[in-house]
Amino acid sequence: MFSKKMKEQEFIVKQNFDIENLNYKIAEKKIAGLIDLVYTKKLCFFIFDYYKHDYYYIKSFNEYFNEIPDKISEPYLFFNLKIHKEDRVLVKKIHYRAFDFVFSLPSNNRKNLRLYYNCRMQNDEKKHQMTDITLNVLATDNNGSIWLVLFIIEKSTFDNFKIPHIEIPNTNKLEMFDFKIELFDRLTSTEKKVSKLLFSKLSNKEIADKLYRSVNTIKSHLKNIYLETETNNRLEFQKKILLK
């Protein structure tokens, strides 16, 4: 069991679990199937149990992250300290935003959601390298409470940060986490919609048409967006607000 501070760092959300619905025997069968897949693809993975606030399973077949013991006394610290210190705040913010989004969904739409992002992590050679991390909601209870989450860690094919996003099963939808949170959260809900369209090739008139607003209203929103983010134009805004 983690301390209160650990739970906060682990982004544990208070949930009311239907304990009778948490079937560990079924979960173990699913995990057994995952082990074969992870071995084939040479990945490092662990499963976090949000009901017990503890790591449920840890295993690595990855040549870059192979020195991971099956039993870790303080697993959060073990993995967190492997993340480059300059990336830890970013990872924390990505997790917070992901939780906010997941719990805004209907309870029956939360299972099998996948969060993708990358950061720099220390490998077995004590060198930091760009690493892809995937979080997959493996199991929920009848109330939609997040129970088991699979974390997969593998060497990234990118040298720079990718745009974090959530993949929604059975749809073509992606929830993009492409903005610096501290800047994006300064904007109103309408300004956020406008700011996302600034990354398209749409003109102000086309943005106005898309949002059913007048061009003058869009210009007013843009003026405030640039003021709040301390930028002067669309290009400056794009460069400043992207996570990367």
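The listed peptides 25-35, 184-194, ordered by packing as a protection proxy, come out as 184-194, 25-35 (highest mean of other Cβ atoms within 10 Å first). Where Lys and Arg each count +1 and Asp and Glu each count -1, what net charge lies around residue 134 among other residues with Cβ under 14 Å from its Cβ? Residues near residue 134 contribute +1 overall. Remark: spin-label model distance residue 212-residue 100 equals 2.5 nm, labels positioned 7 Å along the Cα→Cβ axis.
Checking the cross-link pairs 111/162; 196/240; 162/223; 127/155 against a 18 Å limit on the alpha carbon distance flags 111/162; 162/223 as lying beyond it. Subtracting the Cα-Cα distance of residue 129 and residue 163 from their residue separation scaled by 0.36 nm leaves 10.5 nm.
Going 7 Å from the Cα of residue 63 toward and past its Cβ, which residues in the range 93-121 have a backbone nitrogen under 20 Å from where you end up? Label zone hits: 121. Which shape class, rounded, prolate or oblate, goes with the range 181-241 when its Cα gyration tensor gives a ≥ b ≥ c as root eigenvalues, a/c under 1.5 marks rounded, and past that a/b bigger than b/c marks prolate? Prolate.
Read the figures in this text as sums done on the coordinates, not as results from a lab. The shown structure was predicted, so the numbers you read here are calculated from the model rather than taken from an experiment. Virtual Cβ from ideal backbone geometry, glycine too; neighbours counted across all protein chains shown.
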